[in-house]
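Input: a single structure, listed below in structure tokens.
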Amino acid sequence: VPVFEGLFIQLGIYKKFSNYTIVKRNRTGLLNWRDPQGQRFERVKLEDPKFEEEFDVYSTSQIESRYLLTTSFMDRLLTVADGHNGGDIQCSFYDQHLLLSMPCKQWLAGSSLFTPATFDLDIRVILRDIHGIFNMLDELQLDQKTGL
């Protein structure tokens, strides 16, 4: 049974951290997150009301999640989510990486037997999604050292 169709992107970040933080689109019924080692995730309330409206944040460390989710990062993630047609972009901070999940159309899914296999439309979709990924990376500015 397919659970997710899209891209998972792993990005290295400069900030040092040792706990886990998960950022999910707002949904009901998401309670008592647990990582493989059995540590309890807690709901994190942040200072940005627009971000709180769009995303739920769970972490094993309230302090570290606030260190990772700065106001500028929250603004950039909201911009990326808006640019992805409000899709279910989600992310997590784990082991010095930011993991992003972006739902997208299945690439090169195949078409009818009665049409030529040019994949013209599929290639346009792939290029649009890759362009969106590069815009997202530019918007999140993960390659910049913050001095923290």
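The values are calculated or read from the model by the stated rules, or taken from the named source; none is laboratory data. For clarity, every value in this text was computed on a predicted model and none was experimentally measured. All Cβ positions, glycine included, derive from the backbone under ideal geometry; neighbour counts span all protein chains shown.
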*Quickly run through the stretch 3-26 and pick out the residues that are in contact with a helix residue (DSSP H, G or I) (Cβ under 8 Å, 6 or more places away or on another chain), aliphatic (A, V, I, L, M) and either farther than 18 Å from Leu68 by Cα or without any contact (Cβ under 8 Å) to a residue 12 or more places away in the chain (or both).*
Leu7
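Does at least one position in the stretch 72-93 carry a residue that is over 28 Å from Arg128 (Cβ atoms) and at pLDDT 85 or above? Walk me through it before giving the result.
Taking the stretch 72-93 and keeping what is over 28 Å from Arg128 (Cβ atoms), we get none.
No, the stretch 72-93 has no match at all.
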*Applying the selection to the stretch 94-140, what residues are modelled with pLDDT under 70, assigned to a loop (DSSP other than H, G, I, E, B) and surrounded by 11 or more Cβ atoms within 10 Å (Cβ to Cβ)?*
Lys105, Gln106, Trp107, Leu108, Ser111, Ala117, Phe119
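Every residue in the stretch 14-34 that is part of a loop (DSSP other than H, G, I, E, B) and at pLDDT below 85, please. Reasoning before the result, please.
Residues of the stretch 14-34 that are part of a loop (DSSP other than H, G, I, E, B), as a first pass: 14-20, 26-33.
Within the stretch 14-34, Tyr14, Lys15, Lys16, Asn26, Arg27, Thr28, Gly29, Leu30, Leu31, Asn32, Trp33 meet the criteria.
Report, by residue number, each residue of the stretch 58-68 that is out of contact with any helix residue (DSSP H, G or I) (no Cβ under 6 Å at 6 or more places or on another chain) and modelled with pLDDT of 90 or more. Spell out how you get there, then give the answer.
To start, the set of residues in the stretch 58-68 that are out of contact with any helix residue (DSSP H, G or I) (no Cβ under 6 Å at 6 or more places or on another chain) comprises 58, 60-68.
Correct list: Tyr58, Thr60, Ser61, Gln62, Ile63, Glu64, Ser65, Arg66.
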*Could you give me the residue pairs with C-beta distances under 8 Å whose first residue belongs to the stretch 53-70 and is surrounded by fewer than 16 Cβ atoms within 10 Å (Cβ to Cβ), whose second residue is outside any loop (DSSP other than H, G, I, E, B) wherever it lies, and which are 6+ apart or on separate chains?*
Gln62/Glu42; Gln62/Val44
